[in-house]
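All remarks here apply to the structure that follows.
The values are calculated or read from the model by the stated rules, or taken from the named source; none is laboratory data. This structure is a prediction, so every number in the text was calculated from the model and none was measured. Neighbour counts are summed over all protein chains in view; Cβ atoms, including those assigned to glycine, are modelled from backbone coordinates with ideal geometry. What goes into the accessible areas is simple: the full protein's heavy atoms, side chains included, and nothing from ligands, DNA or RNA. Shrake-Rupley method; radii C 1.70, N 1.55, O 1.52, S 1.80 Å.
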Amino acid sequence: KTASASATLDFTEFNNAVYRRYEFELENVKPATDNIDLYMRTSTDSGASYDAGASDYAYGSSGTSAGSATQTASAAATAIQINTAVAIGNAASEYGVSGEIVLTGAPSVSVFTEMRGHWTYWNTAGAMVQVAGGGARLSAADVDAVRFLFSSGNITSGTIRMYGVI
C-alpha cells in the first residue's frame with residue numbers, strides 16, 4: 001500500500017488458515033508532522049476496530065543515531081512504537097522509515113502475536129537512526145489485521161508491502 005496523505009495504512013488481507021507469519025516491508029514511510037512516533041496496532045475483527053487500550057501492547061527497541069545509543073520500551077502501551085526515544089523527522093532531507101518487520105503468532109488464539117525487525121529512519125536533526133526492535137500484543141487472540149499510523153498527522157508518502165509466509 002502506498003501512502004498519500006493517509007491517516008493510516010491498514011492491512012486486512014490476512015489469511016491465517018494459510019499463512020503462519022507475515023512480513024512487512026517499509027519503504028520511506030514519511031510523516032506529515034515533524035517530531036513524532038510511528039505506531040503499529042492489531043485487530044481481531046478484520047480491521048473493523050484496532051486495539052488501543054492503555055495496556056494492550058509491550059515493546060522495546062534500541063539503536064544508534066549519529067554515534068550515540070538510543071532506546072525505548074514500554075510494558076503497557078496503546079500501540080507498538082516503531083522508533084526509539086528519538087522522534088521521526090519530516091524535512092526534505094529526512095526520508096522516513098524503511099526496513100522489515102516480521103509478525104508471528106497471528107493465527108493462534110493461544111499465544112501472543114509478536115513482531116520483530118530491523119529498520120532505519122531519519123530523525124529531526126537529519127541523522128539516520130538504525131534500530132532493532134520488537135513488541136507484542138498482550139493478549140492471545142487470532143490477529144487478522146494490522147494498522148500503521150503516526151502519533152500525529154498523516155502518512156505523507158511511502159510504501160508498506162505485506163507478505164504471507166507459509
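How big is the Rg/Rh ratio for segment 57-166, C-alpha atoms only, Rh by Kirkwood, two decimals?
Result: Rg/Rh = 0.98.
Using a cutoff of 8 angstrom between alpha carbon atoms and counting only pairs six or more residues apart, the relative contact order for segment 106-166 works out to 35 percent. Centroid-to-centroid, using Cα positions, segment 107-132 and segment 62-82 are 9 Å apart.
Which whole-number percent gives the relative contact order of segment 43-162, counting Cα pairs below 8 Å spaced six or more residues apart? Don't skip to the end; give the middle numbers.
Values: 264 pairs, mean separation 34.5, N = 120.
Over segment 43-162, the number comes to 29 percent.
Among ALA127, PHE148, VAL111, pick out the residue whose Cα is farthest towards the positive end of the charge dipole of the chain, where Lys and Arg carry +1 and Asp and Glu carry -1 on C-beta, about the Cα centre. Final value for the positive-end residue is ALA127.
Ranked from highest to lowest mean number of other Cβ atoms within 10 Å per residue, what is the order of the peptides 72-80, 10-18? Intermediate results must be reported in sequence, preceding the final value.
Working: 72-80: 17.4, 10-18: 14.1.
The densest-packed peptide leads the list: 72-80, 10-18.
Computed with a 1.4 Å probe on the full set of protein chains, the accessible area for VAL109 sits at about 110 Å².
Among 48-54, 157-163, how do they line up from the highest to the lowest mean number of other beta-carbon atoms within 10 Å?
On the way: 48-54: 13.4, 157-163: 16.6.
Result, highest mean first: 157-163, 48-54.
Run the dipole for segment 1-97 about the Cα centre, Lys and Arg Cβ at +1, Asp and Glu Cβ at -1, nothing else charged, and hand back the magnitude in debye, nearest 20.
Numbers: 5 positive and 11 negative charges, 28 e Å.
Approximately 140 debye in magnitude.
Across the options TYR59, ALA32, TYR95, the greatest Cα extent toward the positive end of the charge dipole of segment 32-166 (unit charges at beta carbon of Lys, Arg, Asp, Glu) belongs to TYR95. Between ALA75 and THR33, full extension at 0.36 nm per residue minus the direct alpha carbon distance yields a gain of 12.5 nm.
Ranking of ARG20, ARG41, ARG116 by solvent-accessible surface, largest first: ARG20, ARG116, ARG41 (1.4 Å probe, protein heavy atoms only, all chains present).
A viscosity of 1.002 mPa s and a temperature of 20 °C, combined with the Kirkwood radius over Cα pairs in Stokes-Einstein, give a translational diffusion coefficient for segment 1-109 of 138 µm²/s.
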